[in-house]
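*Asks:* The structure that follows is given in the form of C-alpha cells.
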Ligand code: DQA
C-alpha cells in the first residue's frame, strides 16, 4: 500500500508552535515514528509545503496512491483549490489535526476537507497521525 502524508502551512514549525495546541514534537520526529508504526507494511511518502498551489500540484501528481493522510493546516479552513484537487484523488483520505478544531476559534470550524475524508482524527496532538496510519493499515 502506498500512502501519502501531506502537511500544509506552518506544520514545518511543529516543536516551536503553541505547544498547548500542537504538542512538543517536530514534524521530523512524527514522520520517523510513522515509519516505525508502518513496519514496512506501507510505503510512506512525506510532503510538506507552506504554499497552497504547491500542495494542489503535488496532489495532482499523486492521484493514484492508495491513501493519504492530510493535515492541510490553515488551508483546511480556506482552500477550495485543495478540496477540488482532493476530489480527484482515487484513494482513501484521512484528515488529521493535532488540535481539536471544535474547541477553538469559530473560523476553524469551516472545513473544506472533511466532506471528502473517510475519517477525521483531531485533538490528539501527534497521536492523531499515528491513529490515522493505524486506521489505514487496518483497512
Ligand atoms: C491544525 C489546525 C489549524 O486550524 C491550524 O491552522 C494549523 C494546524 C492542527 O493540526 O491542529 O496550522 O491543522
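Throughout, read-outs are computed from the coordinates displayed, never taken from laboratory work. Being a predicted model, the structure only gives us computed values, none of them experimental. Counting neighbours? That spans all protein chains shown, and the Cβs are built from the backbone with ideal geometry, glycine included.
*Asks:* With an 8 Å cut-off on Cα pairs and a minimum separation of 6 or more residues, tell me the relative contact order of segment 1-41 in percent.
*Replies:* Normalised by residue count, the contact order of segment 1-41 is 30 percent.
*Asks:* Listing 88, 1, 68 from the residue with the fewest other Cβ atoms within 10 Å to the one with the most, what is the order?
*Replies:* With the fewest neighbours first, 88, 1, 68 line up as 88, 1, 68.
*Asks:* Spin-label point model (7 Å from Cα, Cβ direction): what's the residue 80 to residue 134 distance in nm?
*Replies:* Placing both labels 7 Å along Cα→Cβ, they lie 3.8 nm apart.
*Asks:* Using alpha carbons only, how many angstrom separate the centre of segment 20-54 from the centre of segment 79-124?
*Replies:* A separation of 16 Å, based on Cα centres.
*Asks:* Anyone know which of 105, 95, 87 comes out most mobile in the 10 Å Cα GNM of the chain?
*Replies:* Result: 105 has the largest fluctuation of those listed.
*Asks:* With the crude spin-label approximation of a point 7 Å out along Cα→Cβ, what separation in nm comes out for residue 33 versus residue 100?
*Replies:* For the pair residue 33/residue 100, the computed spacing is 1.9 nm.
*Asks:* Nearest-5 percent of antiparallel DSSP beta bridges in segment 43-139?
*Replies:* The antiparallel fraction comes to roughly 0 percent.
*Asks:* Could you compute Rg(Cα) / (2.2 N^0.38 Å) for segment 85-139, with N its residue count?
*Replies:* Cα Rg divided by the expected 2.2 N^0.38 Å: 1.17.
*Asks:* Further question on the same structure: Just grab the label-to-label distance for residue 114 and residue 63, each label 7 Å out from Cα along the Cβ direction, in nm (one decimal).
*Replies:* For residue 114 paired with residue 63, the spin-label model returns 2.8 nm.
*Asks:* Rank these for me by crowding, 51, 120, going from fewest to most other beta carbons within 10 Å.
*Replies:* Ranking 51, 120 by Cβ neighbours within 10 Å, fewest first, gives 51, 120.
*Asks:* For the chain, what is the mean residue ellipticity at 222 nm derived from helices alone (per DSSP H run of n ≥ 4: -39500 (n - 2.57); sum divided by total residues; nearest 500 deg cm²/dmol)?
*Replies:* Result for the chain, helices only: -9500 deg cm²/dmol.
*Asks:* Shifting gears a bit: Could you tell me what fraction of 2.2 N^0.38 Å the Cα radius of gyration of the chain comes to, as a two-decimal ratio?
*Replies:* The chain yields a ratio of 0.95.
*Asks:* Averaging sequence separations of C-alpha pairs under 8 Å and six or more residues apart, then dividing by the length of segment 19-139, give the relative contact order as a whole percent.
*Replies:* Once normalised by length, the contact order is 31 percent.
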